[in-house]
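A.B. asks: Please find one structure pasted underneath; my questions will follow.
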Amino acid sequence: MSRIGKLPVHLPAGVSVELLPGNVVKVKGPKGELSQKVDSAITVAVEGNEIKFTRPTDLPRHRSLHGLYRALVHNMVVGVSDGYEIRQELVGVGYRVEVHGQILVFSLGFSHDIQMMLPAEVKAEAAEVKKGQNPVLILRSHDKQLIGQVAAKIRSLRKPEPYKGKGIKFVGEQLRRKAGKSAGAK
């Protein structure tokens, strides 16, 4: 049995689950609602305040789908109850971000500012910048997949370079730094 797939998903207070035709799981909570179509081979059952997943056989395909759909539904439950937050740090002289509703305006050392429209489900906030600290962008959403895609897109605007570490990185991310040119080597 899959170690992840056999674990039940516990539903916190205020979260409701609905099984729709076509093996679709719909989760509603205080932060929003999400739905996920589950493969027809995986059986989904709601028992009390738990969601359980079972698979028909031990074929490799069924084993992988078992853990996958359990994890996706668990992420949905956590998202609609607590939500997700990603923090990104802008490292570089003059790098900054401004938030105007759902539009982000980045100043990343290019000759022009970069504007980016956020999806409606993602909320952004620029943390207060103290002297000597780098600007931090905070993203919040109830959809883990969507917020991850948005964060990856923002990071791709200016990836951290390995020599000075300038660019957009996740807070707490450890970068692999390289040594610069060594003098005297011929």
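The values are calculated or read from the model by the stated rules, or taken from the named source; none is laboratory data. Since we're looking at a predicted model, the values are computed, not measured. Please note: Cβ atoms are built from the backbone with ideal geometry, for glycine as well, and neighbour counts cover all protein chains shown.
A.B. asks: Is it true that Glu98 is farther than 30 Å from Pro8 by Cβ, without any contact (Cβ under 8 Å) to a residue 60 or more places away in the chain, out of contact with any helix residue (DSSP H, G or I) (no Cβ under 6 Å at 6 or more places or on another chain) and among the acidic types (Asp, Glu)?
C.D. replies: yes
A.B. asks: Does the range 36-63 hold any residues that are among the polar types (S, T, N, Q) and in contact (Cβ under 8 Å) with a residue 40 or more places away in the chain, and which are they?
C.D. replies: Correct list: Gln36 only.
A.B. asks: Of the residues Gly14, Gly48, Gly5, which is of a type outside the set (Ser, Thr, Tyr), modelled with pLDDT under 90 and closer than 29 Å to Glu85 by Cβ?
C.D. replies: Answer to the selection: Gly5.
A.B. asks: Can you go through Ser81, Ser64, Ser40, Ser107 and tell me which one is within 30 Å of Gly165 (Cα to Cα) and either polar (S, T, N, Q) or in contact with an Asp or Glu (Cβ under 7 Å, 6 or more places away or on another chain) (or both)?
C.D. replies: Ser107
A.B. asks: Based on this model, can you work out whether Gln88 counts as surrounded by fewer than 16 Cβ atoms within 10 Å (Cβ to Cβ) and assigned by TED's automatic domain parsing to the domain that holds Gly148?
C.D. replies: no
A.B. asks: Looking only at residues that are of a type in the set (A, V, I, L, M, F, W, C) and part of a loop (DSSP other than H, G, I, E, B) in the range 151-186, which one is nearest to the chain's Cα centre (by Cα)?
C.D. replies: Val171
A.B. asks: Would you confirm whether or not the range 60-74 contains a residue that is buried (at least 18 other Cβ atoms within 10 Å of the Cβ) and assigned to a loop (DSSP other than H, G, I, E, B)?
C.D. replies: Within the range 60-74, none of the residues are buried (at least 18 other Cβ atoms within 10 Å of the Cβ) and assigned to a loop (DSSP other than H, G, I, E, B).
A.B. asks: Can you confirm whether His100 is under 22 Å from Val38 (Cα atoms) and not polar (S, T, N, Q)?
C.D. replies: Here the answer is no, as His100 does not meet what is asked.
A.B. asks: Restricting attention to the range 77-132, report how many residues are hydrophobic (A, V, I, L, M, F, W, C), assigned to a strand (DSSP E or B) and within 15 Å of the chain's Cα centre (by Cα).
C.D. replies: Of the residues in that region, 2 qualify.
A.B. asks: Further, regarding this structure: Under the condition of being in a strand (DSSP E or B) and of a type in the set (S, T, N, Q), which residue from the range 12-59 is surrounded by the most Cβ atoms within 10 Å (Cβ to Cβ)?
C.D. replies: For the range 12-59, the residue satisfying everything is Gln36.
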